[in-house]
Each structure stands twice: as C-alpha cells, then as structure tokens.
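Nothing in this text is a laboratory measurement; each read-out follows from the coordinates by a stated rule. These numbers come from a predicted model, not from an experiment. With ideal geometry, Cβ positions are generated from the backbone for all residues, glycine too; neighbour counts draw on all protein chains shown.
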Amino acid sequence: MQITKTTILLSAFLLACLISYSQFNNDSIETGPELQSGSRHEKSKMNFFIISKPKKGKIDPASRFNILRGKIKGLFRKKTFVAIVAKDASHASAKIQRKLNKYERRIGTLWFDSHGMYKKGYSLFFIGHDEVSYYTLKDSAVASPLRQLAAYSTDETKVVIGSCYGGATYYRCSIDYKDTTRMNGDSLMMAIGRVLKAATVYGSESWVMTKPGLFLKRAAVAGYPRRKLFRDLAYQPAWENMGKWNEYNALTNSFASINPVTMDMYGNLMVRNISYTSKEEVIKDINKMLGKLEPGLYK
C-alpha cells in the first residue's frame, strides 16, 4: 500500500467527512429497485476493513488516512460495515467474530489494508504486527485466528489482500541483483483459500495505492508511487504488471486475471470494468518509467 503525494492527511480527513456525509444523505433520500434490492442483500452479511495499527512514532499517512475514512464510513453502516484497527491477527479475529455474532451475519468482503515488503522477496500482508504469508501460514499459531473465521465464510465471501505485491506471481531480481526470487502471491492466496474454505481471494501483482474514492467504485488503488527508489531495476516486474489483479476461487481451485478492485458505499468488493492500462497515456507512462530504471536506487 502506497500513498500519493496529493493525499495530505488533513485534507483527506475533511474529504472523507464530506464524502461520508454526502453518502449518508443520499442513502436517506434515494429510492428505487436497485437500492432496495441491495439493502435487502446486505442484511445477510457484514463487510470488514482491517487496518494495522501504526507503530508509535512512525509517520504513516497512508494507514492513518485509511483509519479515518474507514471509521467514518463505519459510523453510518454499523450493521453492514466495520473498520477495525488491529494490534495482531487474534485481536482482529476476535473483533470480527464479536460483530458477526452480535448481528447474526456472515462475512461479505474482508479487506486487509496493509503495506507490502518487496525487499523480503515474497508476497505478504500484515495484521497488526503479525506477518501473513505463504510461509507463516504453515504455523498453526498464525493460521488459527483466520481459521476461526471459516465458520462465518460462505461462497460469497471475498477476501482482499490489500498490500502491494500481495498477489504477485513473477520472479524478481534480488536487491543486490545476484539472483532472482519468486514472489509466490498465488501460494499465499491459495493458503488463505484453504483456511477460509469457500472464500474467493484477491491480490495485486503490483502496487496498491491509497487515494480518495475507495468506497465510491473509483480507481482508488490503481497507480504507482513517485519516490526515486521505485525506479530501481529490481522493480521492473512491478512496473510491467501495474494494475493487474488476480482472483482465486477456493471452491473451484481456479485463478483468473482481473481488473483492479474497489468497493461500493457499503464496503462490498467491486471489480472495475475498465483496466488500468486501457488508457494510452497510462501505457506511455509505464514505458517511460521502464526506460528510466537503473540499479543502485534501492536504499
């Protein structure tokens, strides 16, 4: 998860307040078959936005922005949407179960908002201070909090790895360029599918951005970071796979390549109809950045 330069914490907070207030008013006014049908469907499930608690003393505007907009969204959707700031996986699991039991719901969309760590050489995400990856899920202590959620999972449950490179399947060169390593994002997605059984899992091949409009069906996760280190040669596969997401269906054990994801005002996962690279200017930008890649920029 990366934040754009234009997303300043204070302005983002004000924007989130305005958007949530507007949506709240619109929901109260709008009528019609489409909205009514959606409302009835929401009664059977609850959506969750899980954000790792920022470390003390660490400047992390992306996470703090998501905490603000998630909590504001939850104020108006108490029975259908919950934002949780998690200390660890057990803490998140307990809070999720408490809400589901209280309102007698099942899991709809479960979005894990997290940073990725390209330097480690494999796909992962964090729930608080707990790392979740293909490797750590082999440990029953790590898998157990997620396994407890299986009872609340159905074939309509959608689990989103909201970290950069969370679903990456390519080989990338190591930071010192001496060898290559496979990211194994597909293995991570399959491992989550085994834990939550019937769920469908989503992960990105490249960056997951933090921009306004995530709950408005907008391209709020597509894009790329501007910092110089991301022009390092090691990031070539990430540039080549920008805007690409993968979907894994645990019931059918099948993968599919999809467009970037987003959410609607209720926190339901949506797959965008338009691919990120459908615009010619985007392709030009990617090719331009690929031509600027050089070694020695990763610090």
Among Leu290, Leu110, rank each residue by its count of other Cβ atoms within 10 Å, from fewest to most, as a rough exposure measure. Leu290, Leu110
Which of the aspartates and glutamates could a cross-linker bridge to Lys288, judged by Cα under 15 Å and excluding same-chain residues fewer than eight apart? Asp232, Glu240, Glu280
Tell me the label-point distance for the pair Asp264, Lys95, using the 7 Å Cα-to-Cβ offset, in nm and rounded to one decimal. 2.6 nm
What ranking of Phe49, Phe126 emerges when the number of other C-beta atoms within 10 Å of each C-beta is taken as an exposure proxy, fewest first? Phe126, Phe49
From the C-alpha gyration tensor of segment 187-234, square roots of 5λ in Å: 27, 18, 6
For segment 99-113, in order, what is each residue's ³J(HN,Hα) by Karplus, 6.51 cos²θ - 1.76 cosθ + 1.60 with θ = phi - 60°, in whole Hz (x at glycine and Pro)? 5, 5, 5, 4, 9, 6, 10, 10, 6, x, 9, 10, 9, 9, 7
With a 10 Å Cβ neighbour count serving as the proxy for reagent exposure, in which order, fewest first, do Leu196, Leu100 appear? Leu100, Leu196
Using θ = phi - 60° and Karplus 6.51 cos²θ - 1.76 cosθ + 1.60, couplings along segment 251-259 (whole Hz; Gly, Pro as x): 5, 9, 6, 10, 10, 8, 8, 10, 6
Mean separation of Cα contacts under 8 Å (6+ apart) over length of segment 57-185, as relative contact order %: 25 percent
Rounded Å value of the spacing that divides the Cα centres of segment 120-145 and segment 170-192: 15 Å
For every other residue with a beta carbon closer than 13 angstrom to the beta carbon of Ala168, add +1 if it is Lys or Arg and -1 if Asp or Glu, then tell me the sum. +1
Please tell me which of these pairs span more than 23 angstrom C-alpha to C-alpha: Lys87/Lys197; Lys53/Lys95; Lys71/Lys228; Lys73/Lys211? Lys87/Lys197; Lys71/Lys228
Starting from the Cα of Lys284, draw a straight line to each of the lysines and keep only those under 17 Å, dropping any in the same chain fewer than 8 residues away. Lys244, Lys292
List, in the order given, every pair from Lys56/Lys119; Lys102/Lys158; Lys58/Lys99 whose Cα-Cα distance in the structure shown is over 25 Å. Lys58/Lys99
